[in-house]
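One structure below.
The values are calculated or read from the model by the stated rules, or taken from the named source; none is laboratory data. The structure displayed is predicted, hence computed values, not measured ones. Every residue, glycine as well, gets a Cβ built from its backbone with ideal geometry; the counts of neighbours run over all protein chains shown. All accessible areas refer to the heavy atoms of the entire protein, side chains included, with ligands and DNA or RNA removed. Shrake-Rupley method; radii C 1.70, N 1.55, O 1.52, S 1.80 Å.
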Amino acid sequence: MTGTLLQKTRKEIFSQRGKVISSLTLVFIGVFCYVAFSAMLPVMRVSVDATYETYASPDFMVVAYSVPRDHISGIGSIDGVEGVASRYHVFGEVSFPGHDKNPADIYGIDPGSSPDVFKLILSEGTYLDPLNNRTILVERSFASSNGLVIGSEMTVSVFGIEFDVEVVGIVNSIEHLLPHRNPKQLIDAPSRATFSSIAPIWIDISVLQELSYTGTGEKDIVNEILVRFEPGYNQTTITNLILAEIAPYPIVTTLGVSDLRSSELQRFEIADEAIFLFSGLIFTVASFVVYTTVSRIIQSNSRAIGITKSLGYSDSAIQRAYLILLGILALITTLIAIPIGEPGGRAIVSEILIMFSMNAQTAAISPTVYIVALVVGPGSVLAAAYFPTRKIVGYEPIRAIRGSMMEKGYVGETILEKIGRRIGIRGYGFKYVVRSMSLNKTRAALLIVGISLGAGVAFMGTSIVSGYNTSLSSYMNQYEQWDLLVDFKAPLNLSQVESLFSPISSIAAYEPYLKLGTSAIISGDEKLVSLLCINTLGTLHHFKFESGREIESAHEILVDVTLANSMGIDLNSKLNLTLGNSTIAFTLVGIVSSPLDVFYIEFAEAMDYLGQEMISGVFVKVTEGSNPDVVAETVFALDDVENSMTKSQASSGVLSESQGTAIAVGMAGIAMALLLAVVWNIVSISTSERTPELAQLEALGWPRNSLTRLLILEVLIVSFFGIIISIPIGYLFTGLLDNFMKTYIPFYTPSFDFVMFLSIGTLTIFTAILASIPAARKLRSIDINRVIRERLMT
Amino acid sequence: MATSTSLVQIEDLKKEYTLGETIVHALRGVSFEIMKGEFIAILGQSGSGKTTLLNMISALDVPTSGKVIISGTDVSKMSRDERTNFRRKSTGLVFQFYNLFPTLTAVENVEIGIALDIKDKHELRRRALHYLELVGILDKADNYPSQMSGGEQQRVAIARGLAKEPPILVLDEPTGNLDAETSDAIWALLKELNTKTGTTIIAVTHQTSVSKVANRSIFLRSGKVYGISESGEEE
């Protein structure tokens, strides 16, 4: 291949400089995103591990109903235990200027210093004052986002009692890395994020102990025990010893924090898949744009190509020249994007980690990432450019030299016209637009696909958010028939519950439950599991079965689908559960979708094995005409009650409104940006191709506004089809992310909301029209004479 | 057939273009008058300025100086949009390369020239078919340009120009892309239309034989009129 041919080809390519640059920009964005995200994840993994070390995160956590502290003093002496901390954790509310009754995670700790495990690192001020138990510590990011400083005054409300406190310290904590709920409670509390509405505060433990004391039993109690292990010890042995120290006090659940860490890392792996999906989407869009740009280059230089062929250059030589130059441009673009993407990704992840009180560590990016980027970047361009350059084969030199159109004119009425005629559309604009689209079906198809991809991604984002929030309320309405959910501070027996509720006339019925942590042997391995003992055939709570059936006889057990998947168990699996002093073999007969990652057994059967009645909470049905909120307040005021929640409170969205809005807006924004790039590129090319026709129309007397309306009409028609196709595309994308979403909500189902669909459709049309404005503006300055003289019509 | 009513008045028309650093004087002060119903041929070699002159008459372009008065209206001072409007109502245009829309049939190509002004779809179709019949190509009404010969396409372009029933039909080298026999047929058609409809026809061509059918021929050289001859006379 001669240098002259390459030089000529280079000029031909750069005759469409703007479109080439826009195409390469999309390639740049694709490579940048891929490399940046790939740089972020290793840093996140390493940083999370480092953070766990810095804050002395627990390896094991026990949540109990209440345990006297002197009863568990022996835990620190167990071989293999590096550190122990205990605290009293309750849900309450705080009020401060601008925020009335803000939900709060309230941790009761010893004043004076940080706990040994799950440290609190002072950012400002001091630790809790041992001489003044009306001081509190506030988490740093919550403090900064709510304007709280040292000396700020707040009102704490817990167990129905209010008291004033003063902020003496602002701390860094990684409490948010634990499950976002009070595991004592049956239903998740509203989701918590660093900037969310739930305040993490620390207070002198004696305050909570004093307020919760009912006059019997020990006063110095805790309900959370956090243990850190020394390396090299058998963790199962240690946990068994710890549980033995706590016995006979019942526990709610246990948490292996290393399991939590691995589930966080599992989310990162799912995010890895999302990276490929997202980057792949950008490369797909870039390929569309490259295809149309190269098509335009070839078409506009058809005469030059015809002359080149007539001079004796082969088709393959001409094609190779195009591909070599385009490949070089793409390679240069990729080589620029890679060294920008990596530090860019690290910078982004550093900012994200700071938001979660973590410091970014250094982590190497896998060399595979660079190789993939170097292959996919130029490769996608070459693949997209190959097909339009192949058209050179069909160019006849004589026709090309004369400037005759290479594309065959369409003959015959199009399907769209037939449909239009049948439904009464007779307007000339419609006919003209659909005929022109038929002339270049590929371009029209690319435009439609580009729009549908953009709208589909936006639709997916809003569908996910909508489904996320409605899935829970939909589940609750269908399967939970109670009005109130009541948790007790400590397990009660039936007569205690009866005497508690009998004076309240607005309670029509109630069903008891017990939440209990216990050990189980599953497939030969001993695991700590959470058990929910309920009346499985009761009227106030029903199950949504994924597979299997209800409990029909003794020794049968149900499990939540998320837990089943993580443990690798299925129907008919055997589990040996320890209840009381017995170990009983249970058979798994049903797998259910539920808000909790627990096993379910029959309440009566559990009481038999435990040898006593233990009721940690009840489902309550109020009488006809009663207001559940009022009844909830009445119940909450009872001494033994820790929390009383109505069904609507329990059904509130898992995502806060601002989080949901941010996700939906973010995804829609990205989607519209891609759509804008595609539509701008293709409409610009389309307008350039049709300039002779448009000039002819103006010569015939069509005003420029009418020409602009033709352009807008084409965009509207194409957008309409794109939006229709975007529905299945949106659902396809949503389905691809299903597994990811179901790690948060097992019963998650994407929802179709007509208003949302209309909103996305409107936004899509608006964006498409916006993208066609540059082309429309060019219409206003066509040189009619020049264009008509250079005729390209027939 | 000429009448005494003046339709087009060209007064000291000048047009200059800048090509790089060179100023091209395409028209150097052209003046003449065209009467209603006349068939005028504008002749000249390449670069004589005939196409530029045609652009002024058809309001596609504006002069550097001078006036173009058509039906009493000075189009040389109009804005782009005003000229577009004027063109739609008052001028039929036919170009050398027919400039038909390849995706439209013959009848649709005629309709698109008048679609903005005639909203009644039946009237639109009736008029388009009428003028296709007038130019002798009614049987090709539903054919696409790729299914017609050059002469047939040019007839469609002429029908499109006539369909708006303009006072002036302007043709730029209408037979430039046709063989001799077809060219003669087109000129004969134009003469017939001029006689039948009374439309004033102004045709730019380099074919001197056109002067036989035209009422008058205006000869241009180097941007100036160097001769005007009556029908049948050749310069």
*Nearest 0.05, what FRET efficiency do A:Ser648 and A:Leu374 give at R0 = 51 Å with Cβ-Cβ as r?*
0.40
*asked:* If you average the alpha carbon positions of region A:105-162 and of region A:43-73, how far apart do those two centres end up, in angstrom?
replied: 19 Å
*In peptide A:692-699, how many Cβ atoms from other protein chains are near each Cβ within 10 Å, on average?*
5
*Could you tell me what percent of the DSSP beta bridges with both partners in the protein assembly as shown are antiparallel, to the nearest 5?*
75 percent
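Quantify how strongly other chains surround peptide B:52-61 by giving the mean number of their Cβ atoms within 10 Å of each of its Cβ atoms.
Other-chain Cβ atoms within 10 Å of each residue's Cβ, averaged: 2.
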*Pairs of Cα atoms under 8 Å, at least six residues apart: use those to get the relative contact order of chain B, whole percent.*
28 percent
*With +1 on each Lys and Arg Cβ and -1 on each Asp and Glu Cβ, and nothing else charged, work out how big the dipole of region B:1-152 is about its Cα centre, in Debye to the nearest 20.*
220 debye
*For chain A, build the charge dipole from Cβ charges (+1 Lys, Arg; -1 Asp, Glu) around the Cα centre, then report which of A:Ser212, A:Leu131, A:Val149 sits farthest towards its positive end.*
A:Val149
_My understanding is that a pair violates if its Cα-Cα distance is over 20 Å; which of A:Lys219/A:Lys489; B:Lys50/B:Lys224; B:Lys36/B:Lys89; B:Lys36/B:Lys164; B:Lys15/B:Lys191 do that in this structure?_
B:Lys15/B:Lys191
*To the nearest 0.05, how large is the calculated FRET efficiency for B:Ile228 and B:Thr197 if R₀ is 35 Å and r is the Cβ-Cβ distance?*
0.90
*asked:* In chain B, if the dipole is taken from +1 on Lys/Arg beta carbons and -1 on Asp/Glu beta carbons about the Cα centre, which of B:Ser231, B:Thr84, B:Asn194 is farthest to the positive end?
replied: B:Thr84
*First check a/c for region B:165-219, with a ≥ b ≥ c the square roots of the eigenvalues of its C-alpha gyration tensor; if it is under 1.5, answer rounded, and if not, answer prolate when a/b is larger than b/c or oblate otherwise.*
prolate
*Reported to two decimal places, what Rg/Rh ratio describes the protein assembly as shown when computed on Cα atoms with Rh from the Kirkwood expression?*
1.17
*Antiparallel as a % of all DSSP beta bridges within chain B, to the nearest 5?*
55 percent
*Extending each Cα 7 Å along its Cβ direction at A:Leu716 and B:Glu21, get the distance between those two points in nm, one decimal.*
5.2 nm
*asked:* Averaged across A:701-710, how many Cβ atoms of other chains sit within 10 Å of each residue's Cβ atom?
replied: 4
_Charged-residue dipole, Cβ positions (Lys, Arg, Asp, Glu), region A:461-563 about Cα centre, Debye nearest 20_ = 200 debye
_Under 25 °C and 0.890 mPa s, how fast does region A:1-126 diffuse according to Stokes-Einstein, given a Kirkwood radius computed over C-alpha pairs? Answer in µm²/s, whole number._
115 µm²/s
*Cα gyration tensor category, rounded, prolate or oblate, for region B:21-75 with a/c compared to 1.5*: oblate
*Output the peptides A:131-137, A:623-629, A:49-55 sorted from most to least packed, where packing is the average of other Cβ atoms within 10 Å over each peptide's residues.*
A:131-137, A:49-55, A:623-629
*Where does helix B:121-134 land angle-wise versus the long Cα axis of chain B, in degrees 0 to 90, nearest 10?*
70 degrees
*Of all accessible heavy-atom area on chain A, the percent that carbon and sulfur account for (1.4 Å)*: 58 percent
*asked:* Placing +1 on the Cβ of each Lys and Arg and -1 on the Cβ of each Asp and Glu in the protein assembly as shown, which of A:Ile78, A:Thr9, A:Gly454 has its Cα farthest towards the positive end of the resulting dipole?
replied: A:Thr9
*Ranked highest first by average number of other Cβ atoms within 10 Å, how do A:762-773, A:549-560 line up?*
A:762-773, A:549-560
_Based on alpha-carbon centroids, what's the gap between region A:670-727 and region A:1-30 in Å, whole number please?_
24 Å
*Dividing the Cα convex hull volume of region A:462-525 by residue count, how many Å³ per residue is that?*
186 Å³
*Rounded, prolate or oblate: which fits region A:25-99 when a ≥ b ≥ c are the square roots of the eigenvalues of the alpha-carbon gyration tensor, with rounded for a/c under 1.5 and prolate only if a/b beats b/c?*
oblate
*Over chain B, one equal point on each Cα, no solvent: what is log10 I(q)/I(0) by the Debye formula at q = 0.13, 0.16 Å⁻¹?*
-0.76, -1.14
*Evaluate the distance, in nm, between pseudo-label points positioned 7 Å from the Cα of B:Asp74 and of A:Arg10 along their respective Cα→Cβ axes.*
5.4 nm
*Using alpha-carbon pairs under 8 Å, 6+ residues apart, how would you state the relative contact order of chain A in percent?*
17 percent
*How much accessible area is lost when chains B and A come together, counting both sides, with a 1.4 Å probe, in Å² rounded to the nearest 100?*
3200 Å²
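With charges set only on the Cβ (+1 for Lys and Arg, -1 for Asp and Glu), what does the dipole of the protein assembly as shown come to about its Cα centre, in debye to the nearest 20?
Values: 82 positive and 103 negative charges, 1684 e Å.
That gives a dipole near 8080 debye.
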